[in-house]
Structures are given as C-alpha cells and as structure tokens.
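Reviewing the structure listed below.
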Amino acid sequence: MAKPKAEKVDFAALLGNKGITLGGIPQGVTLSKMLVLKTKQIKDPDTSDRGATLKKDWPKFLANIKSHSGEDGHQPGNHSPILVCGTQEPYEIVAGRRRFLACKELGLPVRAVVVTNMDAKTFKRTMYGENSHRADYSPYELISNVAREAAAGMSKDELAEIFGKSKRSI
C-alpha cells in the first residue's frame with residue numbers, strides 16, 4: 001500500500017492564522033503531522049455522538065466540502081482537517097467524522113492531523129468535547145452519549161470528567 005502523502009505543516013499557522021481550527025485539542029497531546037489520506041486509510045468506527053444531527057443539512061454540507069476542495073493550494077478534500085489517532089493506518093477518527101463521511105461520499109481525500117500519544121480517556125473527552133460546543137447539541141445527544149459510555153462500564157467520576165459535567169448532573 002502506498003504511503004500517505006505528508007504535508008509540511010506549521011501547526012501554529014494552521015490552527016491560528018488561517019482560521020482553521022481543531023476543536024478541543026487537550027494539553028499534552030502532540031500533533032505529529034498532517035496527512036492527506038484516502039478514506040480507506042481511516043477506520044470508520046460507525047458510531048456517532050451526534051445522533052440525528054449527523055446528516056442534518058447534508059446536501060448543503062456536501063456542497064460546502066466540495067466548494068472548499070483544493071482551496072489554498074492544498075490537495076482536494078476537506079478544508080478543516082479531521083483529527084485521527086494512531087501510529088499507522090488505519091487511523092482512528094477522534095474528531096471530524098461528519099467531514100470524513102462527506103469526503104467518503106464525494107470520493108475526495110481527507111486532510112487529517114495525526115496524534116500519536118492520546119490515551120483512551122483523552123480520546124473520548126476530545127471526541128465528545130468537539131461536538132458539545134455546537135449550537136445544535138441537544139440534551140438527547142448528551143444523554144445518549146452518557147448512557148452509551150455508562151453501559152460500557154464507565155464510572156460516574158469518569159463520565160463527569162469526560163463530559164465536563166458534575167457528578168450530580170450525570
């Protein structure tokens with residue numbers, strides 16, 4: 001299998017000066033590189049913390065991804081990179097599943113920032129944290145996500161930490 005193409009990236013410029021953001025990158029996580037990947041190089045966990053909003057305004061979202069494709073002299077694909085974790089492919093999506101699915105549907109490559117030193121708790125905190133700041137993040141989505149993690153064996157203390165809530169509200 002061909003190696004993914006690596007772009008030289010100035011992360012400060014990428015995340016600050018160009019208006020491109022990666023929501024909720026926790027302290028201590030090392031952003032190691034940006035790659036332009038084929039969708040088959042990324043593991044789709046087929047779970048969503050977004051519930052019904054995953055495909056909300058989908059045609060408009062697809063058009064947006066397509067219109068930004070190849071912008072700023074970059075490879076075609078998503079303008080705002082997704083966040084993936086791993087040391088080799090298939091990489092696991094931490095944040096940006098909706099952008100990944102749009103690129104997959106459009107047959108476009110995916111721009112992804114790779115982190116290699118993310119533990120499971122930080123992974124979940126980042127995954128849930130990215131979407132919890134959306135304007136349309138519903139109480140139903142929060143409850144569903146908390147229930148999913150509780151059913152998987154997460155304690156109230158862990159749930160409170162992951163979701164940024166008090167134990168009482170959990």
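The values are calculated or read from the model by the stated rules, or taken from the named source; none is laboratory data. On a predicted model such as this, the values are computed, not experimentally measured, just so you know. Note: areas computed on protein heavy atoms with side chains; ligands, DNA, RNA excluded. Shrake-Rupley method; radii C 1.70, N 1.55, O 1.52, S 1.80 Å.
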- [ ] Can you send over the solvent-accessible area of CYS85, 1.4 Å probe, protein chains only, in Å² to the nearest 10?
- [x] 20 Å²
- [ ] Heavy atoms only, probe 1.4 angstrom, no DNA, RNA or ligands counted: give me GLU141, GLU158 ranked by accessible area, highest first.
- [x] GLU158, GLU141
Task: Accessible-area order (highest first, 1.4 angstrom probe) of the listed residues ARG97, ARG168 - done: ARG168, ARG97
TODO: Compare ASP44, ASP157 by solvent-accessible area with a 1.4 Å probe and give them largest first, with all protein chains kept in place.
DONE: ASP157, ASP44
